[in-house]
Each structure stands twice: as C-alpha cells, then as structure tokens.
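One structure is given here, and the rest of the page talks about it.
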Ligand code: PEP
Ligand code: MN
C-alpha cells in the first residue's frame, strides 16, 4: 500500500489533528442539521452520522436508512462540512454515491467479515478511476484484536483502487466486566502504524469508552500517542439520542475537549526525549540478551528432560514459579497482570524451544 493519497480528496489543508464529530445516528432532518450547525460553529469541519446502524439486537434503532442521505447532503451545503457515514454493503455504497456523498467509514463488525469487505471492494472496483479517487474510506478495527484482519480489510479496498484510506481504533470487544465498552489495545494501532507508515490513524474514544466521562482522557491519550485525529460522537441532546446515548456529548462539551487537547508534536520533540530514548534502547538490549540467556538454559533443561523421559510441561512447577514471580514483581510496583502476560509468553517460548529440540533429535520431521 505504497501509493496512499492524503485523506479527503477535495480538502487541501487538513486540520491536524483531524477532528470528526457528529451524532451516532442521524435521527431526523432537524436533529441532524441542528447538531451539524452547532458543531460547525464550534469549528468542526468533518461531520459523522450513521444512517444504517449495525445493532447487536434486532428491535433497537437500526437507523433511518437511505432517506437520511439527503440530510447529510444538506449538511454539506448548509454548514460547509464534509459529511461521513457508515457503509456496510454494496447497496449502501451505491445509494450514498448516488446521493452525492463520497466519504465513508466501515464499522467494526463489517471489517471483521472478509466476505462483506470483498463485496464492498468489488462494488468499488466497478466505478471509474475518477470516482474512486474522490472517495475516502476510514476502516474501523475489527471487533477482535487482530491486526491482520484490519490490514486485510484495508488491502481489499486498496486493491479496488481506493487510495484515500485511513484507520480508526475503536477498541475491542471483551468478555466480562471492563471499564471500557470496547477495550483499547494501543499496541495494535501502533503495530498498524509500523506496518503501514503512510496510513493516517484516528482514535474513536466514544466507542472505546461507552461513557461520557472517559472521552476527554482517551482523546488526550490518543493525541499523545501520535494518532492523526479523533472521531467523537456528539449530539445536540445526548440524553435522548436513539443510539449510544451514554457516550454522546454536546457540541459545547466537544469544543472544550478539542480546545484542551495537548499541543501537537509533544511526542516528536527529539531533543528533550533523546536521553530517555537512549536509556530505553540500552535497557531493551539488556532485556534481549537476558532472554537469550534464559532460552539457552531452558534448552539445556529440555535436553535433560528428554534424556530422563520427563515431560516438557510441568504444571505444578509452572504455577509455583508464576505465583512467586508475580509476588516479587508486585513488591517493586510492577502490575501483576503485566507480569503474568510476560511470564506466560516466555514460558510458551521455552516450551516451543524444548519441543523443537525434542523433534530435531528424534528426527520426527523426516517421518512427514
Ligand atoms: C458507529 O460508529 O456508530 C459504530 C456503529 O461504530 P462501531 O463500528 O465502532 O461499533
Ligand atoms: Mn455509535
């Protein structure tokens, strides 16, 4: 994906960070236009509103459908904003393009489904190069934390000739109680940035949080992590919103949040960060060397186990080791959960090394 173009074809100079705001759903012409006007007065140039809503349960508000398209076109004319809406099928794409819209996002549930993504890509490929060049598509992360699925969705659109692409981190579903509606996993968008350095990445604090009071903190965090922008749900009367009421904020509150965002580039101030970065580099090298030493010992243990016919995995030893290390880590203020994840990754690799060792010595590979 080498030849990506800047987002939003017609706009030459983008605000950075890019701020997109608007209601979860366009509910009526009146609500859509009134919210857009207040947002435009707050300086917002990009307006979001869903008209086809992917809801988990039937019977919840599933959007107004195609009749909302003309309201979004009015937002463009009356408020001078660029409207974006969600598309999830070729039919959505075609009717939105016919109405005169060209900027879209793909929702998390759609990104998760390669069949749906390919159908949208095939429909896009049928348009002329000129139309495809006018289209911008932002792809939300899939529901589950799978960077390949996210990249795959982007690649399908790229292969269909779409060059104005962006990504949105909206967090991931998880089972059980959590502070967040969709847990953020920052390492995933960071990996996406490493893999596709030219791709703009936005954060959606509204769908991560699921509640108003976390939105400001998450927005600041996203800017500090060098995201290119944020997309926030804002409704003129959040409490009576037909979808996602608890996470929507008024245009006034949105303006306060945007005004309080930290200055850009605080993460690129090479001068003041340089000594810390050098220290981090040194520590990382030490960690790598230590891990290599640990694996070597593990391999030697593996050889002894093999000679004595001891099984590779010994659950009692592993559980005892884990408990002791987690306790030790806690004493020096390391999070137990972090320690558990690190230890289980190291253990998994040790087991792999020992099993590999086993295989190569008995030449199992030759039996394939
Ligand atoms: C939305 O943006 O309103 C939406 C449905 O989001 P997601 O796909 O992130 O759930
Ligand atoms: Mn929503």
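Could you calculate the FRET efficiency of residue 317 with residue 282 from 1/(1 + (r/R0)^6), where r is the beta carbon distance between them and R0 is 35 Å, rounded to 0.05? Here the calculated transfer efficiency is 0.60. For the chain, the longest principal axis of the C-alpha atoms and the axis of helix 29-41 are separated by about 70°.
Springs join every pair of Cα atoms under 10 Å in this Gaussian network model of the chain, and among 175, 158, 127 the largest mean-square fluctuation is at 175. Cα-based values for the range 308-357, radius of gyration first and Dmax second, are 12.5, 40 Å.
Distances over 25 Å make up what percent of all Cα-Cα pairs in the range 110-247?
Values: 2968 of 9453 pairs.
For the range 110-247, the share of Cα pairs beyond 25 Å comes to 31 percent.
May I ask for the angle, rounded to the nearest 10°, between helix 147-159 and the longest principal axis of the chain, with both axes built from Cα atoms and the value confined to 0 to 90°? Helix 147-159 sits at roughly 50 degrees to that axis. Could you work out the helix-only [θ] at 222 nm for the chain, with each DSSP H run of four or more residues adding -39,500 (n - 2.57) and the total divided by the number of residues, to the nearest 500 deg cm²/dmol? Calculated mean residue ellipticity at 222 nm is -16000 deg cm²/dmol. Give me the angle, in degrees from 0 to 90, between the Cα long axis of helix 336-362 and the longest principal axis of the Cα atoms of the chain, rounded to the nearest 10. Roughly 60 degrees between the two axes. Neighbour counting of Cβ atoms within 10 Å sorts the residues 79, 203, 24, fewest neighbours leading, into 79, 24, 203.
Which ordering of 188, 283 is given by a fewest-first count of other beta-carbon atoms within 10 Å? Provide the component values of the computation, followed by the final result.
Working: 188 18, 283 10.
Starting with the residue having the fewest Cβ neighbours, the order is 283, 188.
Assuming 1.567 mPa s and 4 °C, estimate D for the range 169-222 with Stokes-Einstein, Rh taken as the Kirkwood radius over Cα pairs, in µm²/s. It diffuses with D of about 111 µm²/s by this estimate.
May I ask for the Kirkwood hydrodynamic radius of the range 14-76, worked out over all distinct Cα pairs and given in angstroms to one decimal? Don't jump to the answer; show the numbers that get you there.
On the way: mean 1/r = 0.0811 Å⁻¹.
For the range 14-76, the Kirkwood estimate is 12.3 Å.
Using C-alpha pairs below 8 Å separated by at least 6 residues, the relative contact order for the range 84-139 is 43 percent. The mean sequence separation of alpha-carbon pairs under 8 Å and at least six residues apart, normalised by the residue count of the chain, gives a relative contact order of 14 percent.
Could you work out the relative contact order of the range 1-158, using alpha carbon pairs under 8 angstrom and six or more residues apart, expressed as a whole percent?
20 percent
Placing dummy labels 7 Å off each Cα toward the beta-carbon, the span from residue 174 to residue 342 is 1.9 nm. Each part gets one Cα centre, and for the range 68-92 versus the range 103-120 those centres are 18 Å apart.
Name the most mobile residue of 49, 323, 116, meaning the one with the largest mean-square fluctuation, in a Gaussian network model of the chain with Cα contacts below 10 Å. Evaluated over the chain, the most mobile residue of the options is 323. Seen from all directions on average, the chain presents a Cα convex hull projection of 23.7 nm².
What the Cα convex hull of the range 69-138 gives, in volume per residue, is 82 Å³. Taking 204, 122, 228 in turn, the Gaussian network model of the chain (Cα-Cα springs below 10 Å) assigns the largest fluctuation to 122.
The C-alpha atoms of the range 30-157 occupy a region whose extents along the principal axes are 39, 38, 26 Å, arranged from largest to smallest.
Arranged by the count of other C-beta atoms within 10 angstrom, fewest first, what order do 250, 85, 35, 56 take? Kindly include the intermediate steps, with their values, before the conclusion.
Working: 250 19, 85 24, 35 27, 56 6.
Ranked by crowding around the Cβ, least crowded first: 56, 250, 85, 35.
Computed on the range 124-197, the Cα convex hull volume stands at 89 Å³ per residue.
Bear in mind these aren't lab numbers, they're just calculated from the coordinates by the rules spelled out. Since we're looking at a predicted model, the values are computed, not measured. Here the Cβ is made from the backbone with ideal geometry for all residues, glycine too, and neighbour counts use every protein chain on show.
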